[in-house]
Structure formats: C-alpha cells, structure tokens
1. Taking the options Ala155, Ala149, name whichever one is under 24 Å from Leu242 (Cβ atoms), touching a His at 6+ places or on another chain (Cβ under 8 Å) and not charged (D, E, K, R).
2. Of the conditions (1) in contact (Cβ under 8 Å) with a residue 40 or more places away in the chain; (2) under 14 Å from Leu196 (Cβ atoms); (3) part of a loop (DSSP other than H, G, I, E, B), Arg93 satisfies every one except a single condition; which number is it?
3. Quick check on segment 45-70: of everything there that is at pLDDT 95 or above and hydrophobic (A, V, I, L, M, F, W, C), which residue is farthest from Arg307 (Cα to Cα)?
4. Looking only at residues that are at pLDDT below 90 and part of a loop (DSSP other than H, G, I, E, B) in segment 339-361, which one is surrounded by the most Cβ atoms within 10 Å (Cβ to Cβ)?
5. Give the residues of segment 131-147 that are assigned to a helix (DSSP H, G or I), crowded, with 16+ Cβ neighbours inside 10 Å and either out of contact with any strand residue (DSSP E or B) (no Cβ under 8 Å at 6 or more places or on another chain) or on the phi > 0 side of the Ramachandran plot (or both), sorted by residue number.
6. Starting from residues that are out of contact with any Gly (no Cβ under 6 Å at 6 or more places or on another chain) and among the small types (Gly, Ala, Ser), keep the ones in segment 162-181 and report whichever is farthest from Arg96 (Cα to Cα).
7. What number goes with the only condition from (1) surrounded by 18 or more Cβ atoms within 10 Å (Cβ to Cβ); (2) among the acidic types (Asp, Glu); (3) touching a strand residue (DSSP E or B) at 6+ places or on another chain (Cβ under 7 Å) that Glu119 does not pass?
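The values are calculated or read from the model by the stated rules, or taken from the named source; none is laboratory data. This structure is a prediction, so every number in the text was calculated from the model and none was measured. Cβ: placed from backbone, ideal geometry, glycine included. Neighbour counts: every protein chain shown.
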Amino acid sequence: MESYEADFEDEPSPEPGYRTYEVYQRERVGETTNLIKPRELISDEYARDPYPLLEVLRENYPCYRDWLSNCFWITRYNDVTSVFADDQNFETRPKRWYLDSINYGRDLWKHLPIQWAYEKKIDESIGTVSEEAISSLDDSTMDLAKNFAARIPLALWQKILNIPLEQAQEFARLYLQMQRGARWNPQFRQKGLQSLQGLSDLLEPIFSDRCQNPEDDFISAVAQLQLSDAPPTVKDLVITILELDHETLHGGLSNLWLNLLTNPREMEKVRNDHRLMKFAWLETLRYSPPVIAADRFARKEVERFGRLIPKGGLLRCSAAAANRDPRQFDEPNAFIIGRKDLCQREPRGQYRADGLPSGIAFGLGRPSIHPAVPKGRPRSRYALIRDAAVTASLLLLEDKPSLKIADGAEPHLTCSQLGEMHTCWELPAC
C-alpha cells in the first residue's frame, strides 16, 4: 500500500505556557454582558453607591471581564473568599509594590515584638484618645466623621509611636499622603513616594535615639529588633507603618455611627444593651465595609470560574458585593444587629467561623490562623481594631446617649477617589 505524505508541514507546537491573547477574549456561547458597561464601574455613581451595580455583576456575571480596567471582577461570597484562601494560584501585592518601592525597606510586622508593642500601645491609649476626641465635640456642631472617627486613628498613631505632639501633625499629613499613594493614580503615587521619604526624614532622629535609649513604644520595638540579615533601619519602620491598615478603624467608626443613627430601632438595641455594640461593629463590616474591594494577582495561568485567567491577571475581589450575597445572608441589604446568619466572633479560614460567614474586611488582612485568645502571642489585628472601635463607641454612647442626626443633614457613604475608602465623610449630629 502506498503511503500518503502531506504536502504541508504540521503546525508547530507552541512553547510551554504560550497563549495567544485571543484565548483570554473568549466568551461562553450565548453569553452577553449587556446589563452593565465597564465605564459604569469607574463612574461617580459607583463611587457614591456601588451596591446596585455590584448586584448586577453578582447575580449575572460573577466573574466579569472588565476590558476597560483590564481586570476580572469577583463578586460572590464563596468565590471571593476562595481566591483569598488560594495562595498557590493567587497573591496579594504589598502597598510598597504600588509605590514602586518594593526594596525601599522591610515589613517587620511578622516579628512578635512588633506585634506586642502595637497591641500594648493600642490597649493603653484607646480610652484616653477616645475621651479626648469626645471632649472636643461641640454639642451644637458635632461632626462624628471628622472630629471622632477620623481623629482617633491618627491620635492613636501618636501614642503608638510615642512622638512629640508638635511632630504628630506633620506625621499625620505625610502618613495619609503615603497611604493614599499606594493606589493606581500616578499623581497620588508621586506624592506617596515623596511622603515615604518625608516620613523617613521625620522619624530618623527619633529612631536613632531609640536605638541607644529605647522606650516602651513601637519605634523602640523596631529599633531593638534582632534580625539575622541586617539591623533594622528607619526605612523598615516606615514600610512597616505603611503596610498596616489605616482605613478600617477610621471608616468603620464613621460607618458604624451612620448605620446606628439612620436605623433608630437598631440604635435602641445598643442603648438598652451595651454588649451589642460589638455585634453592631461586626454587622457594619458586613453591611458597609470601608474597604470595598481588594486586588489579587494570578501567580500563573489558572482556569477558574469558567474563565482562563492569564499569569499576572488582576482579580478585583469585591467585599461590598460578597457581603450582601443573598446566598449567604437573609435580607442582605438591611442593617440588623445580632443577625443569626453572621459569624459573631473573629473569623478563621475563608472568613468563616462556627459554620457562618463573616463580614469581609480586606483592610485587616487575612483572618488569623491562631486562637481568638492566643497564648504566648498578641491578639490579631481583627481583634485589636474591633476592641478599639467598640471601646471608643461605648465611651461616646455613655457621654452622649441621645445622639441623633442633625436636622437637615443627609449623610451618606462615598469614596473621595475610586479605589479609596468608602465611608461617611460628614456626619453632623446633635
């Protein structure tokens, strides 16, 4: 029998890992995305109230390919938490990566002496700082967002670092600019880089002094740390401060009080039983989280949610959408203190405990793997920020038990810039 030889060569096999970009453009047969346009996700409407748009995504396109922002939106609770639990395929990039300063300094948070110092100063100072903020409130022109929620975290940093009051204002200015720069906005990034160096210059004399004369504070804990590779520097101190959360306490406090003051029935629950303030905080992190989204990046090409995600692909995980997923929560769009379908203690793996989901709070990092009351180590950041927020709020409630929204005021949640904290920036009360 004659053998047949083709008059053309076989198509060459692609190199391992090679894909044409066309692969990532494919949509499933019959799939359309005509219910939403990518530009709506960067609109003023989204900044003001993202929940209606996110509901469209969650219920119709749970893994939405956003070509305008070059990312995939993940919006269902189990999908979001699975991405954050999967370190084999996905990674979270540190804030210094966004500032293009990955080698500027080291994040030393993993060292226990740093965590002990942070915990001790917060526990020691939150009562004093809260009382000072409350005493400064003018009964006729109170703004709980500006003069209470925004003031407490910055005043806490002054106590944590143990820096002179005259330097605290400059620290606050540089600190906020630095944090704001850890985003995609190139103008803010440039200011963030300048603030990074500005903070190093501001704290250098104090750091050098604490190397020789340590005190009981966060800077001394960093300065006295024994590291195997190189001694700690002021740049390590600044990077450690950068990588810590600044949005959850500020935004969470403001959102908590907005929720209480706009839901009189729930407010009455807390007035009658102060122990419910903790549950009000946990419900706030579910109902109105200040950090409404976080980015994860694919470590390698991975197939997930019916899509092929390229190496380096950006997954925008929406806490705002996931926290109101009706598959997890009854009446997800209602603020209900003590709801039975919400975990009422610190969450563990995939943001759950006791078989129940919790409010996803991206600013605090992943849930701790350690016991809620750990032995031989400090409490988690979840527990520290929760306890600080509850303490501050109870002191305010005790001092001003009849708080209500000022006549004519219409407080609301919004982002000052897309991607930033979603909170109530003005909360007039009387």
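1. Values: Ala155 fails: touching a His at 6+ places or on another chain (Cβ under 8 Å).
Sole residue among the options that is under 24 Å from Leu242 (Cβ atoms), touching a His at 6+ places or on another chain (Cβ under 8 Å) and not charged (D, E, K, R): Ala149.
2. So the condition that Arg93 fails would be (2).
3. Among those that are at pLDDT 95 or above and hydrophobic (A, V, I, L, M, F, W, C), it is Leu53.
4. Pass one, segment 339-361, residues at pLDDT below 90: 344-355.
When the remaining residues are screened for being part of a loop (DSSP other than H, G, I, E, B), the result is 344-348, 354-355.
Numbers: Gln344: 15, Arg345: 15, Glu346: 19, Pro347: 24, Arg348: 18, Asp354: 10, Gly355: 6.
Only one residue fits best here, namely Pro347.
5. Pass one, segment 131-147, residues assigned to a helix (DSSP H, G or I): 131-135, 144-147.
Within this subset, residues satisfying the condition of being crowded, with 16+ Cβ neighbours inside 10 Å are 133-134, 144-145, 147.
Once the filter is applied, which keeps residues that are assigned to a helix (DSSP H, G or I), crowded, with 16+ Cβ neighbours inside 10 Å and either out of contact with any strand residue (DSSP E or B) (no Cβ under 8 Å at 6 or more places or on another chain) or on the phi > 0 side of the Ramachandran plot (or both), segment 131-147 yields Ala133, Ile134, Asn147.
6. Only one residue tops the list, namely Ala168.
7. (3)
The rows are residues; the columns are (1) modelled with pLDDT of 95 or more; (2) over 28 Å from His412 (Cβ atoms); (3) part of a helix (DSSP H, G or I).
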| position | (1), (2), (3) |
| --- | --- |
| Lys121 | yes, yes, yes |
| Val129 | yes, no, yes |
| Pro153 | yes, no, yes |
| Lys159 | yes, yes, yes |
| Ala172 | yes, no, yes |
| Trp184 | no, no, no |
| Leu196 | yes, yes, yes |
| Leu203 | yes, yes, yes |
